[in-house]
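The values are calculated or read from the model by the stated rules, or taken from the named source; none is laboratory data. Model, not experiment: these values are computed from the prediction. When we count neighbours, we look across all protein chains shown, and the Cβ atoms used for this are built from the backbone with ideal geometry, even at glycine. SASA here: full protein model, heavy atoms, side chains in, ligands and nucleic acids out. Shrake-Rupley method; radii C 1.70, N 1.55, O 1.52, S 1.80 Å.
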Amino acid sequence: MNLKIDGLVCGYGRMKVLDGIDFQVGNESVGLFGPNGAGKTTLIAAIMGMIKPWSGSISFEGTDITGMQTFELARRGIALVPQERELFPWMSVADNLRLGAAFIPHAKDDIQAQMERVFGMFPILRERSAQLAATMSGGQQRMLAIGRALMSRPRLLILDEPSLGLQPSIVAEVFDKLRELKSSVAILVTEQNVRESLRAIDRGYVLENGRIVLEDTAEGLRTNPYVEKSYLGL
């Protein structure tokens, strides 16, 4: 099992956000769905060591990583594409990509080969390799953020709301790329755009009020009456 979470409880100050989360990601693509405030981003923050769990455990490839620092997790093979992309805006596309591997021991000696892989997946990044990240469109920046994460040769890729702020045609393209990726890297994606996500994942969880309320295959979620009514607008 790539990622396994048992009984996770955490929050901010005295406010509990996640209340006993059990969750796992194998060699597959997994979606995490829920409304704003459900705790999706908090769960990612806990996995990535940005907040300390109150109780419970998080393990990756059989090793307890609960409370590890973010840079340690990156070196262990977990890469995050955050909501806000967090690129280096006044650096070129190519330099942003290089930085994705520069401090990762298993990736830093293979930077050019990794760049070629990323360019093969996102040809626009090759065309714009000398362009400053800040001057690119929102969709292109999202592709660059995903490409930068892939530069570290992760075994688990986590994406927090990858469709946020993107026009529909670009959203479809991003999820097409995620569908291609799932054969080579385990993926965890949090999303409010459930319809597009279900095209790209194998399984999914629904998180509401800090608890997992539903778990099923992508097809099972797609035809679930509660999901249809609450998330697909059917």
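From the set of residues in segment 157-171 that are over 18 Å from Leu97 (Cα atoms) and hydrophobic (A, V, I, L, M, F, W, C), which is least open to solvent (accessible area, probe 1.4 Å)?
Among them, the one singled out is Val171.
Just name the residue that is nearest to Phe88 (Cα to Cα) out of those in segment 126-145 that are surrounded by 24 or more Cβ atoms within 10 Å (Cβ to Cβ) and not basic (Lys, Arg).
Once the filter is applied, the top-ranked residue is Leu144.
What number goes with the only condition from (1) under 29 Å from Ala134 (Cβ atoms); (2) of a type in the set (D, E, K, R); (3) open to solvent by less than 60 Å² (accessible area, probe 1.4 Å) that Arg98 does not pass?
Condition not satisfied by Arg98: (3).
Within segment 68-90, is even one residue surrounded by 18 or more Cβ atoms within 10 Å (Cβ to Cβ), in a loop (DSSP other than H, G, I, E, B), at pLDDT below 95 and of a type in the set (Lys, Arg)?
yes
Applying the selection to segment 220-234, what residues are in a helix (DSSP H, G or I) and either among the basic types (Lys, Arg) or under 15 Å from Ile201 (Cβ atoms) (or both)?
Gly220, Leu221, Arg222, Val227, Lys229
Scan segment 22-49 residue by residue and report those that are over 15 Å from the mean Cα position of the chain (by Cα) and farther than 25 Å from Arg199 by Cβ.
Those that are over 15 Å from the mean Cα position of the chain (by Cα) and farther than 25 Å from Arg199 by Cβ: Asp22, Gly37.
Among strands (runs of 3 or more DSSP E) lying entirely in segment 1-65, which contain 2 or more residues that are touching a residue at least 24 places away in the same chain (Cβ under 8 Å) and closer than 24 Å to Tyr231 by Cβ?
3-12, 15-25, 29-33
Could you say whether any residue in segment 150-167 is over 24 Å from Leu73 (Cβ atoms) and in contact with a Lys or Arg (Cβ under 6 Å, 6 or more places away or on another chain)?
No, segment 150-167 has no match at all.
From the residues in segment 176-192 that are more than 27 Å from Lys108 (Cα to Cα) and surrounded by 21 or more Cβ atoms within 10 Å (Cβ to Cβ), which one is modelled with the lowest pLDDT?
The residue in question is Glu191.
Test Ser197 against the criterion of being of a type in the set (S, T, N, Q), open to solvent by 10 Å² or more (accessible area, probe 1.4 Å) and closer than 19 Å to Val25 by Cβ, and give yes or no.
So Ser197 fails the test.
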